[in-house]
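First comes the structure, then the notes that go with it.
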Amino acid sequence: MQVTFYGVRGSFPVAHPKVTKVGGNTSCVALRAPGAPTIMFDGGTGVRRCGRDLMEEGFGDGTGEGIFLFSHTHWDHIQGFMYFEPFYREGNQFRVYARGSHDRRLQQVFAGQADSPYFSYDLTRFKAGVEWKAVQEGESFEVGPYTIKTARLNHPGIAVGYRVEHQGKVFVYMTDTAPYEDQLLGEGFHVRKTEKDPKILAELREYGAALEEFVKGADLLLYDTFFTIEQYQQNPHWGHSTPEEGIRLARQGEVPRMYLFHHHPEAWDEDLEERLRGYQRREGGSDLEIGLAREGEAVEL
Amino acid sequence: MAAPVGATQGYGGNTPCVEVRGADGALIALDAGMGLYWLGRSLLAGPHGRGKGELTLLLSHTHWDHIQGFPFFVPAFIPGNRMAVWGGGVDHLEPILEGQMNPTYSPLVSLSNLGAQVEFGELGTHPTMTVGGVTITHLTYPSGPHQIVGYRLEEGGRSLCYLPEVEHPSGEPTPALVEFARGADILVHEAYYTTEELARGGLSLAGRSGPPAGGHTSFREATEFGLAAGVGKMYYFYHHPDHDDGTIEAAVAAERARLRVRGAELDVEAAREGVEFEV
């Protein structure tokens, strides 16, 4: 399997001279495996270039088969969706999975952001076949040759983490999430607080343990490292995590590779590269390779 | 859409936002694209960082690329700051920005969770308004299937006209818009396509197979519009995400050459992020 980073930035697309090396496009990661459908994780602005690449890979002649796995539908994860060129080529087939209770409602969520008054894209103009699939966190399913598992992530409105297994290789896509530590994030608006209710603290432990189990034996963990520790302490209610937590999770699950992902809009190229070297020096080793998701780069599993 | 790629760094890849300061410091922002985040960041050292700031936000319309910076405007989260939001090409702006905060799309859930005081005005009942010493008039016009609001700001006999998205369906400068922009010292006018791209029916954001994007104009049409309106200086604006710095430079050079041949005095330039000028 090959994992390619098309968008690695969190919150919003960043066009700034200090992010040109790591990249400013919002979340989109592609997983390719020979003879299997291509999987796209999220559809931030990075999905546009992903679509262009795929037009050279079978999607251009209408024989492509793709799967979208959305962590959630906050705008930075879906804002490139309507610009994905393979949707406009007849013959291509897609299955789109995102958290929800009804398939039909899911389609409305994507159509609603694309059309008036917010834009002028009518998703009924897609020429490819698109099947919408609402998933609930905790569900497992098979798509083509892939076995896919989901987990609840700690994010306002709740996000979903994906574990994809194929021919003995395992990739885990885990964004957006806070550590299951200070507060349990769910529906509604969250303000900063440190949880003291024993019942909720027990839930936090339970969800945290479930994530440790979820990543176990993965070949690569791509993890939300939006914050530094100091930033996290200021904003535990934003639903984002730190490299330290990613490293802890990877070690718990005996995961040999963990990549920093979903970078803060103002994490400049230099900052990220310097932090990466620091983590590699202090925490990395023969049992854990720590990497940085950079736009346009690929990792072989 | 925002274009965060290296090849656009000279002119910038953020979606529309223009900061205007009146002589007394009154702050007006034209559109709330991703540029608004960077404006908000630059304001934090001043009164907006202490909850004593004000902003008048004038929206041309509510397509995402013109409002996507709004939820990331940091001063909006600081209690005490006050924002007045106008425009949008629709009768009721508030439900649309409230919809932007909907929990399906945003962790903010509702406008009521912003710390600052945000008020929405109805342009229909305010043909003319003033912010500090700046007088603001507007014109609502169709661009493709959408309604866009253009703005004209005047102070001390100087004027700036903002037409961020424009279509001239006949290929000739649209008369009502020419009248609106007439004699402006500065005109900000879109130039989304090159002449060749417009002749081919546009350049879809979803590639060659994608749906065509109507409601736009070209560098050449923009120049003709600036000449017809007799403006002092024109900034080509709303650069296409696939136009790299070289494409924009070549298009501007071609327009300047055409103007020279005709002996026209119109000064033209491509709008570039971070550039400040006196009107």
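The values are calculated or read from the model by the stated rules, or taken from the named source; none is laboratory data. Not measured: the values here are computed from a predicted model. Here Cβ is always computed from backbone atoms with ideal geometry, including for glycine, and neighbour counts include all displayed protein chains. We work out accessible area using only protein heavy atoms, side chains counted, and drop any ligands, DNA or RNA first. Shrake-Rupley method; radii C 1.70, N 1.55, O 1.52, S 1.80 Å.
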Restricting the range A:58-115 to residues that are polar (S, T, N, Q) and surrounded by 20 or more Cβ atoms within 10 Å (Cβ to Cβ), the residue that is nearest to B:Phe72 (Cα to Cα): A:Gln79
Counted residues, the range A:85-109 - those being within 13 Å of another protein chain (Cβ to nearest Cβ), of a type in the set (D, E, K, R) and over 20 Å from the mean Cα position of the chain (by Cα): 4
In the range B:157-184, the residues that are over 15 Å from the mean Cα position of the chain (by Cα), within 20 Å of B:Gly202 (Cβ to Cβ) and not charged (D, E, K, R): B:His168, B:Pro169, B:Ser170, B:Gly171, B:Pro173, B:Thr174, B:Leu177
Residues of the range B:203-249 classified as open to solvent by less than 30 Å² (accessible area, probe 1.4 Å), among the β-branched types (Val, Ile, Thr) and under 15 Å from B:Thr8 (Cβ atoms), total: 1
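Considering only residues that are part of a helix (DSSP H, G or I) and open to solvent by 10 Å² or more (accessible area, probe 1.4 Å), look in the range B:72-86 and name the one that is nearest to B:Val118 (Cα to Cα).
Start the filter on the range B:72-86 by keeping residues that are part of a helix (DSSP H, G or I), which leaves B:72, B:74-77.
Right, trim to open to solvent by 10 Å² or more (accessible area, probe 1.4 Å) and you get B:72, B:74, B:77.
Details: B:Phe72: 14, B:Val74: 13, B:Phe77: 10 Å.
The selected residue is B:Phe77.
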Qualifying positions in the range B:105-115 - open to solvent by less than 30 Å² (accessible area, probe 1.4 Å) and at the interface with chain A (Cβ under 8 Å from one of its Cβ atoms): B:Ser106, B:Leu108, B:Ser110
Test for B:Gly49: is it more than 9 Å from every other protein chain (Cβ to nearest Cβ), assigned to a helix (DSSP H, G or I) and out of contact with any strand residue (DSSP E or B) (no Cβ under 9 Å at 6 or more places or on another chain): yes
Every pair of residues 6+ apart whose Cβ atoms lie under 8 Å, when the first sits in the range B:87-114 and is part of a helix (DSSP H, G or I) while the second is of a type in the set (D, E, K, R): B:Leu111/B:Glu94; B:Leu111/B:Glu98
Boolean, A:Gly24 is part of a loop (DSSP other than H, G, I, E, B), in contact with an Asp or Glu (Cβ under 9 Å, 6 or more places away or on another chain) and surrounded by fewer than 24 Cβ atoms within 10 Å (Cβ to Cβ): no
B:Ser218 vs. criteria among the polar types (S, T, N, Q) and either in contact (Cβ under 8 Å) with a residue 60 or more places away in the chain or within 14 Å of chain A (Cβ to nearest Cβ) (or both): no
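Evaluate the following for A:Arg104: is it among the basic types (Lys, Arg) and modelled with pLDDT under 95? First the steps, then the outcome.
Values: among the basic types (Lys, Arg): yes; modelled with pLDDT under 95: yes.
Yes.
Among B:Arg200, B:Arg208, B:Arg152, which is the only one that is outside the structural domain of B:Arg21 (by TED's automatic domain parsing) and at pLDDT 95 or above?
B:Arg152
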Unique residue being closer than 27 Å to A:Asp76 by Cβ and not in a helix (DSSP H, G or I) when the list is B:Val118, B:Val166, B:Val188: B:Val118
Any chance B:Leu44 is open to solvent by less than 10 Å² (accessible area, probe 1.4 Å), in contact (Cβ under 8 Å) with a residue 12 or more places away in the chain and not hydroxyl-bearing (Ser, Thr, Tyr): no
Selection within the range A:242-267 - surrounded by fewer than 18 Cβ atoms within 10 Å (Cβ to Cβ) and out of contact with any Leu (no Cβ under 8 Å at 6 or more places or on another chain): A:Glu244, A:Arg248, A:Gln252, A:Glu254, A:Glu266
Pick from the range A:149-183, criterion open to solvent by 10 Å² or more (accessible area, probe 1.4 Å) and of a type in the set (D, E, K, R), ranking: farthest from A:Gly239 (Cα to Cα): A:Lys169
Residue that is nearest to B:Glu154 (Cα to Cα), among those in the range B:6-41 that are outside any loop (DSSP other than H, G, I, E, B) and at the interface with chain A (Cβ under 10 Å from one of its Cβ atoms): B:Gly35
Count of residues meeting criterion [in contact with a Leu (Cβ under 8 Å, 6 or more places away or on another chain) and either more than 24 Å from B:Asn113 (Cβ to Cβ) or part of a loop (DSSP other than H, G, I, E, B) (or both)] in the range A:204-241: 10
Extreme residue, surrounded by the fewest Cβ atoms within 10 Å (Cβ to Cβ), among residues of the range A:116-133 that are more than 9 Å from chain B (Cβ to nearest Cβ) and not in a loop (DSSP other than H, G, I, E, B): A:Thr124
Criterion (within 11 Å of chain A (Cβ to nearest Cβ) and either open to solvent by 10 Å² or more (accessible area, probe 1.4 Å) or of a type outside the set (A, V, I, L, M, F, W, C) (or both)) met by exactly one of B:Gly69, B:Gly121: B:Gly69
Criterion violated by A:Met55 - all others in (1) farther than 25 Å from A:Gly100 by Cβ; (2) under 16 Å from the mean Cα position of the chain (by Cα); (3) hydrophobic (A, V, I, L, M, F, W, C); (4) open to solvent by 20 Å² or more (accessible area, probe 1.4 Å) satisfied: (2)
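What about A:Gly239, is it open to solvent by less than 10 Å² (accessible area, probe 1.4 Å), touching a residue at least 24 places away in the same chain (Cβ under 8 Å), under 21 Å from A:Arg9 (Cβ atoms) and in contact with a Pro (Cβ under 7 Å, 6 or more places away or on another chain)?
Values: open to solvent by less than 10 Å² (accessible area, probe 1.4 Å): yes; touching a residue at least 24 places away in the same chain (Cβ under 8 Å): yes; under 21 Å from A:Arg9 (Cβ atoms): yes; in contact with a Pro (Cβ under 7 Å, 6 or more places away or on another chain): yes.
Here the answer is yes, as A:Gly239 does meet what is asked.
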Among (1) under 19 Å from the mean Cα position of the chain (by Cα); (2) closer than 30 Å to A:Asp176 by Cβ; (3) buried (at least 22 other Cβ atoms within 10 Å of the Cβ) - the single one B:Ile96 does not satisfy: (3)
